[in-house]
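A short write-up of the structure that comes next.
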Amino acid sequence: MTSVLNVDTIADKAGTGPVGLTKQHAAKAWAQQDGAAATARDSFNVASVTDEGTGDASYTLTNAMSDSNFSVTALTGYKAATSIEIAHLRELTASKVRIRNSNSSSYRDPDTYCSTVQGDLA
């Protein structure tokens, strides 16, 4: 069953005026990527994933951000119990996020890249 809410105005609690819904702070994009296969396991607002080299992956946004001044939170993971992985933000444009992964000694493909984009869409 699907519900639909159609309204012309959302009023404040007192009923004296409309409430402006101009800024939304929900994630604008996110992805969980397979590090070895360079594929998205699941994502939102991600058009494609690219293997940029060992431990280096990017994704292109379906709907671009307004500029490159947005925030990305990224994590990488490797299943080895003794491994400490580090996610590096390598490139950030209005339509592309590129993340590089390394451990203490080299760049390598992680099992998983996870990232979330926050900011304003174009």
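Name the single residue that is farthest from ALA36 (Cα to Cα) among those in the range 89-98 being part of a strand (DSSP E or B) and more than 11 Å from the chain's Cα centre (by Cα). If we take residues in the range 89-98 being part of a strand (DSSP E or B) and more than 11 Å from the chain's Cα centre (by Cα), then THR93 is farthest from ALA36 (Cα to Cα). Checked against the criterion of being of a type in the set (Ser, Thr, Tyr) and more than 13 Å from the chain's Cα centre (by Cα), the candidates THR62, THR54 yield just one match: THR54. Pairs meeting the criteria (first residue in the range 12-34 and exposed (fewer than 10 other Cβ atoms within 10 Å of the Cβ), second residue modelled with pLDDT of 75 or more and of a type outside the set (A, V, I, L, M, F, W, C), beta carbons under 8 Å, at least 6 apart or on different chains) are HIS25/GLN118. If the condition is being assigned to a strand (DSSP E or B), loosely packed, with under 14 Cβ neighbours inside 10 Å and at negative phi, then the range 51-67 contributes no residue at all. GLN118 meets the stated requirement of being open to solvent by 70 Å² or more (accessible area, probe 1.4 Å) and touching a residue at least 60 places away in the same chain (Cβ under 8 Å). Inside the range 89-102, residues that are surrounded by fewer than 17 Cβ atoms within 10 Å (Cβ to Cβ) and of a type in the set (S, T, N, Q) make up a count of 2.
Summed over the range 68-88, the residues that are part of a strand (DSSP E or B) and either over 13 Å from the mean Cα position of the chain (by Cα) or surrounded by 14 or more Cβ atoms within 10 Å (Cβ to Cβ) (or both) give a count of 8. Pairing each residue of the range 58-75 that is closer than 13 Å to GLN33 by Cα with any residue that is outside any strand (DSSP E or B) and not aromatic (Phe, Trp, Tyr), provided the two are 6+ apart or on different chains, yields C-beta distances under 7 Å for THR60/SER95.
Of the residues examined, SER106 is not one that is of a type in the set (S, T, N, Q), at negative phi and within 12 Å of the chain's Cα centre (by Cα). Being assigned to a loop (DSSP other than H, G, I, E, B) and either open to solvent by 40 Å² or more (accessible area, probe 1.4 Å) or closer than 17 Å to THR116 by Cβ (or both) is the filter here, so list the residues in the range 36-50 that pass it. Of everything in the range 36-50, those that are assigned to a loop (DSSP other than H, G, I, E, B) and either open to solvent by 40 Å² or more (accessible area, probe 1.4 Å) or closer than 17 Å to THR116 by Cβ (or both) turn out to be ALA36, ALA37, ASN45. If the condition is being outside any strand (DSSP E or B) and either modelled with pLDDT of 90 or more or open to solvent by 50 Å² or more (accessible area, probe 1.4 Å) (or both), then the range 103-115 contributes SER104, SER105, SER106, ARG108, ASP109, PRO110, ASP111.
The values are calculated or read from the model by the stated rules, or taken from the named source; none is laboratory data. Computed from a predicted model, the values in this text were never measured in an experiment. Every residue, glycine among them, receives a Cβ derived from its backbone with ideal geometry; neighbour counts consider all protein chains shown. These area figures cover heavy atoms from the full protein model, side chains too; ligands, DNA and RNA do not enter into them. Shrake-Rupley method; radii C 1.70, N 1.55, O 1.52, S 1.80 Å.
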